[in-house]
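*Asks:* There's a structure below that I have some questions on.
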Amino acid sequence: MLQRCPHSPAAGAGWIMGWRLTFGGEDLGWDGSLATIVEDGDESSVFVALYDVLPYDERVLDHWESADTGLYRKIRLRVHAMGGDVLAWTYVLNGYEGGLPSAHRVGMLAEAAERAGAPDDYVAGLRAHPAAPSASERARPTAPRPADP
């Protein structure tokens, strides 16, 4: 966020209740399935970082997240934060759930959650999520197999 929205300060963290993190649109991303959230009953929750996003940065972020192309749509949800509930917006994928994210994508999400103060068990759950090799790992040439004598 510091690189994408340098004018928008962090504003805390919280939980979106009744939603869960998932991945989808495997055919839409260049590096495995894309992160999104979906409604999933009262027992699910997603840890999120909150930012006070200024209008200029919002337009940049919309472009970065491909909301301006229709890949993601922006929705408003209630977030349970330390200082009380707040209404915030997030991006939700316009694609079907399924497929594996790259190990790189999963690692980035886990690191971001950890830096934002997510509980250890939540971060561990992210790190344990099944993942596919990243595009760069799939592109690496493999050593030729030796011929049988």
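*Asks:* Can you name the condition, by its number, that residue 62 falls short on among (1) outside any helix (DSSP H, G or I); (2) in contact with an Asp or Glu (Cβ under 8 Å, 6 or more places away or on another chain)?
*Replies:* Here residue 62 clears every test but (1).
*Asks:* Do the conditions hold for residue 12, that is, is it touching a residue at least 60 places away in the same chain (Cβ under 8 Å), open to solvent by less than 50 Å² (accessible area, probe 1.4 Å) and closer than 19 Å to residue 129 by Cβ?
*Replies:* The answer is no for residue 12.
*Asks:* Which one is surrounded by the most Cβ atoms within 10 Å (Cβ to Cβ) among residues in the stretch 71-97 that are touching a residue at least 60 places away in the same chain (Cβ under 8 Å) and among the β-branched types (Val, Ile, Thr)?
*Replies:* 79
Residue-wise test of (1) touching a Leu at 6+ places or on another chain (Cβ under 6 Å); (2) open to solvent by 80 Å² or more (accessible area, probe 1.4 Å); (3) part of a helix (DSSP H, G or I); (4) modelled with pLDDT of 95 or more.
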residue	(1), (2), (3), (4)
99	no, no, no, no
105	no, no, yes, no
108	no, yes, yes, no
118	no, no, no, yes
123	no, no, yes, yes
138	no, yes, yes, no
143	no, yes, no, no
146	no, yes, no, no
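Residues are listed down the side, and each one gets a yes or a no for (1) under 21 Å from residue 114 (Cβ atoms); (2) open to solvent by 40 Å² or more (accessible area, probe 1.4 Å); (3) modelled with pLDDT under 95:
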| site | (1), (2), (3) |
| --- | --- |
| 16 | yes, no, no |
| 24 | no, no, yes |
| 41 | no, yes, yes |
| 47 | yes, no, no |
| 55 | no, yes, yes |
| 59 | no, yes, yes |
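The values are calculated or read from the model by the stated rules, or taken from the named source; none is laboratory data. Here the structure is a predicted model, which is why all the values come from computation and not from measurement. With ideal geometry, Cβ positions are generated from the backbone for all residues, glycine too; neighbour counts draw on all protein chains shown. Calculation scope for accessible area: heavy atoms of the full protein, side chains included, ligands and nucleic acids excluded. Shrake-Rupley method; radii C 1.70, N 1.55, O 1.52, S 1.80 Å.
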